[in-house]
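Some notes on the structure that comes next.
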Number of protein chains: 2
Amino acid sequence: LERMKKWTVRMHQMVCKVGKDDPRRVVHSIKVGLSLTLLSLIYLLEPLFQGIGQNAIWAVLFVILIFEFTAGATLYKGLSQGIGTLSALFLAFIVKVISQSMGRTGYAVFIGFSVFVIGMLTTYIRFFPSIKKYYDQGVLVFFATYNLITVSGYRDQNMLHMVFQRLYVIAIGFGLCIIMSILILPNWSGKDLQNSIISKIEALAKSINEFLILTACVNEYFQEPDKKVKSSYPSKDIDGGYEAALEWKSADEALETFASLEPRHSRYCYPWQQYVQLGKILRHLGYTAISLHGCLESQIQTPRSVRALFRQPCQHVAEEVAKVLTELADSIRKHCHCSPHIADELHGALQDLDIAIKSQPRLFLCSKPATVPRTDTLDLLAWRSKRQVDLSKDSNRKSLHRTLSNIAITSLEFSEALPFAAFTSLLVEMALRLELVIEEVEELGR
Amino acid sequence: LERMKKWTVRMHQMVCKVGKDDPRRVVHSIKVGLSLTLLSLIYLLEPLFQGIGQNAIWAVLFVILIFEFTAGATLYKGLSQGIGTLSALFLAFIVKVISQSMGRTGYAVFIGFSVFVIGMLTTYIRFFPSIKKYYDQGVLVFFATYNLITVSGYRDQNMLHMVFQRLYVIAIGFGLCIIMSILILPNWSGKDLQNSIISKIEALAKSINEFLILTACVNEYFQEPDKKVKSSYPSKDIDGGYEAALEWKSADEALETFASLEPRHSRYCYPWQQYVQLGKILRHLGYTAISLHGCLESQIQTPRSVRALFRQPCQHVAEEVAKVLTELADSIRKHCHCSPHIADELHGALQDLDIAIKSQPRLFLCSKPATVPRTDTLDLLAWRSKRQVDLSKDSNRKSLHRTLSNIAITSLEFSEALPFAAFTSLLVEMALRLELVIEEVEELGR
């Protein structure tokens, strides 16, 4: 009972959260319920039923399949499924005409054969990448409608009448969806695309902040090197934010298609092409953020002392980047220009970093002086021959192999400053890419 | 006509390509065609029709909706849609029983109301993230079935009979799908998951090779710095390969669910959990590859002379990485152990790189000597005040702002070796991550 109660509370919270996150969802649900009730009136009211009859049920099915959250998606689905249904009806009609002259048995065989052929072809066509991406549902509806019509048409003498009635019914369903989704409290895909961009920018800013917290506690992190290596790949907790920015492709490409179908509406037109462009740039920013994070996880680590020297300027740059991102998200949300001084503090932070690096040039020296390349080669040869011996005499190869390759890599005494240099370079790279984002957002503001 | 001919040829090529890429697709298409023909026999043959009747059409619809390419997907869809249909039938039955005592008008109002409530609730539920991810189709089928049954049940006195017949028919459809997809020439999701991993590894190897070609022609690339900056973001041609490795999530998560449903079959069991694990590690490798590519595109570039010095060892490492990846893909495909010496040459290449870096320690010095941080701060102050003046008097702020921020960043004289250091560090990082991939593949081989 206790558990049941807990579950109910959690359920209640979730229901509220889904509604609060986007109140348009509640409106949409009511719209769908209303449309279906209106359509079922055709069935329930006697005079309407006389005119349309059993076929009314297809209008219900059609509405269930095409009524989507945004106007663009509804239009897109309605068109693709409408075309699928129309061509299926047309094909079924032709098959009926052709088979008119055949006998009863011949007709049955012909129908069975056509079902086989159409089933095979449509299934095969659905493997085509472009069809799968854009017309999958349309093809499926074509396939289903054709089968339903021809097979049930076998026992229905008046198939032509049925075909026309179904057309009529689907037109009713389509019209109702259009009215409900475009004319009454419409949800636009363009708006969704904008929200998606804003949430991506905010996720990036948030994850950079998280990463600041990580660098802040990097001291403790460093005192246990063994622990670090174990927990390093793949660390889930931080990736989350970046991945939101990277997962652009599938969902947002669909939104893009839908948005392109929407009429230019209201005083403010959502410039979806620009959102798509901005999304691409953000994705690249996300990649940089991920490799920045990768540097923190790298197995070759800059010594703690070096890190401590540069922590402050690096953190400053990262903070500024996060701040700029948050401001940009705000300015997109409010459809306004962002301040022309938005990146000033970031530039200042970059200058500080530059100065910090220049003040410590010795760090970018290798840990060994320059005169010993020869000995190194000798070292290498010694290491290699030793390794060969090791390998030849080992019995449980696997674990040794693993240790060996770890030694092999960590024994390479790459300059200790390498990872730090990579870190800095990526941070600067990030600031540069941010510049592009700012430009794009300014473009949007106009 | 000429165009028509061309189009036909292209179409023909595409049809052949889809079949050649995976001959199982052709088999699957034939299986679908066959199943539907068998089901339509119920309708076409007189004795069978007497028993089942009009409802046969629902078996056809059910099969069209659930018959998927792999056995796991068919099972998953069959179960979720079967449960959806069953609960819809159950609910419709209850509504029918409750409304028994009402008058004709009361019944109609009750039905209309229930359609509204159910429509609203299911639409709202479909916004829940977990429902959307796993049970979307099941909920949709529940919704559609409930509407069809209650609305059409209004004029059908014998609804109970209809409900049972429909159950019967759906059981036939489900049984047929199971037989066709699991017993006759089955396609396993586990196999698909394996193929997906192999193609990801190969895509990574291919893109690293492509990137070698790019570095090879980096000389020409560098002589036109203006052109470079313009064409740098977002460059499409190279990203392709990496993105294949990154786009793990949506499609492969589905495959994962499907594979978990499949019975442990045949002599070789596909270890799907390990494939998923491997996919995660590969994704991280892909991120590193992307930032490596980002280094090539960076606006702060290492001078050509520096690059030329290290090009050879870097290329060697990259080549070895690509080679190891190709070998790993092969060993997964053949379900065999990979050679224990697979990474030996890679280690050799890393050693060479190490030596090359150590032989040129001066490069990792800053371009300016260490004694001038003061002047730098002065520079900075001068630059800032100059900038302030510039900003206050400018009229077309935008373009100037852009130029200014570009100057601001490129004027920061970060050590010229920084981007190169980042590049090297990432390359080494990649080799390290590759080590993890090798381990995972060895695990798989057992």
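Computed quantities for the displayed model
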quantity	calculated
Cα-based shape type of segment A:123-204, given that a ≥ b ≥ c are square roots of the gyration tensor eigenvalues and the cut on a/c is 1.5	oblate
Carbon/sulfur fraction of accessible area - segment A:1-149, other protein chains in place, 1.4 Å, %	73
Segment B:Phe164-B:Lys6, length gained on full extension (0.36 nm per residue, minus Cα span)	51.5 nm
Summed residue charge, Cβ within 14 Å of B:Phe62's Cβ, Lys/Arg positive, Asp/Glu negative	+1
Translational D in µm²/s for segment B:75-190 (Stokes-Einstein at 25 °C, 0.890 mPa s, Kirkwood Rh from C-alpha pairs)	157
Chains A and B, summed buried accessible surface - 1.4 Å probe, Å², nearest 100	11900
With all protein chains modelled, accessible area of B:Glu202 [1.4 Å, Å²]	70
Zone of A:Val109's modelled label, taken as backbone nitrogen in segment A:131-174 under 13 Å from a point 7 Å along Cα→Cβ	none
Exposure rank, largest accessible area first [B:Leu140, A:Leu41, A:Leu1, B:Leu432; 1.4 Å]	A:Leu1, A:Leu41, B:Leu140, B:Leu432
Segment A:22-170, accessible area per residue, ligands and nucleic acids excluded (1.4 Å, Å²)	41
Out-of-range pairs (alpha-carbon distance over 19 Å; input B:Lys200/B:Lys323; B:Lys20/B:Lys191; A:Lys323/B:Lys280; A:Lys200/A:Lys280; A:Lys280/B:Lys280; B:Lys20/B:Lys77)	A:Lys323/B:Lys280; A:Lys280/B:Lys280; B:Lys20/B:Lys77
At 7 Å out from Cα toward Cβ: B:Gln274 inter-copy label distances (nm, ascending)	5.2
Residues losing 20 Å² or more accessible surface upon assembly, segment B:138-157, compared with the chain by itself, 1.4 Å	B:Leu140, B:Phe143, B:Ala144, B:Asn147, B:Leu148, B:Val151, B:Ser152, B:Tyr154, B:Arg155
Simple label model, 7 Å out from Cα along Cβ direction - B:Gln315 to A:Arg333, nm	5.1
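The values are calculated or read from the model by the stated rules, or taken from the named source; none is laboratory data. Small disclaimer: the values here were computed from a predicted structure and weren't measured. Quick reminder, even Gly has a Cβ in these numbers, built from the backbone with ideal geometry, and neighbours come from all protein chains shown. These area figures cover heavy atoms from the full protein model, side chains too; ligands, DNA and RNA do not enter into them. Shrake-Rupley method; radii C 1.70, N 1.55, O 1.52, S 1.80 Å.
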